[in-house]
Amino acid sequence: MSRYVVTGGAGFIGSAVVRQVLAQGDGEVMVIDNLMTGFERNLAEVASQIVFNRADVRDYKTIAEGCGARTLYFTLRPFRRFRAPSWIRRHRMR
């Protein structure tokens, strides 16, 4: 079974990604969002199927503890001025 992490998953686009991954039915989905621009109500229909972690991706300790060994990460930038922390930029999938 695959394990996915979607950061920004409570936003409009992120919640669509979450629903699409769940529709494929092949894995567990963790959503990480600080709800700065997203809303939990965007995930209401799939709330029982996901693990939701209200956290900021810039908080390495919280994110590292929550993510563990996941198969695939979807990182969605919340707004143009946001710059991903260096630990995310160093581990970007190619």
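Bear in mind these aren't lab numbers, they're just calculated from the coordinates by the rules spelled out. Keep in mind it's a predicted model, so treat the numbers as computed, not measured. A quick note on method: Cβ atoms are made from the backbone with ideal geometry, for glycine too, and the neighbour counts reach across all protein chains shown.
In nm, to one decimal, how far is the modelled label at Met36 from the one at Gln24, with both set 7 Å along Cα→Cβ?
Inter-label distance under the simple model: 2.7 nm.
So how do Ser48, Ser15, Ser2 line up by other beta-carbon neighbours within 10 Å, fewest first?
Lowest to highest Cβ neighbour count: Ser48, Ser2, Ser15.
Could you give me D for region 1-59, from Stokes-Einstein at 20 °C and 1.002 mPa s, where the hydrodynamic radius is the Kirkwood radius over C-alpha pairs? Units µm² s⁻¹, please.
193 µm²/s
Could you give me the ³J(HN,Hα) list for region 22-33, computed from phi with Karplus coefficients 6.51, -1.76, 1.60 and θ = phi - 60°, whole Hz, x at Gly and Pro?
5, 5, 6, x, 10, x, 9, 10, 10, 10, 10, 7
Counting only residues 5 or more places away or on other chains, whose amide H sits under 5 Å from the amide H of Val29 once H atoms are built in the peptide plane?
For Val29, whose amide H was placed from the backbone, the distant partners under 5 Å are Tyr4, Val51.
Please arrange Leu35, Leu43 by how many other C-beta atoms lie within 10 Å of their C-beta, fewest to most.
Ascending Cβ contact count within 10 Å gives the list Leu35, Leu43.
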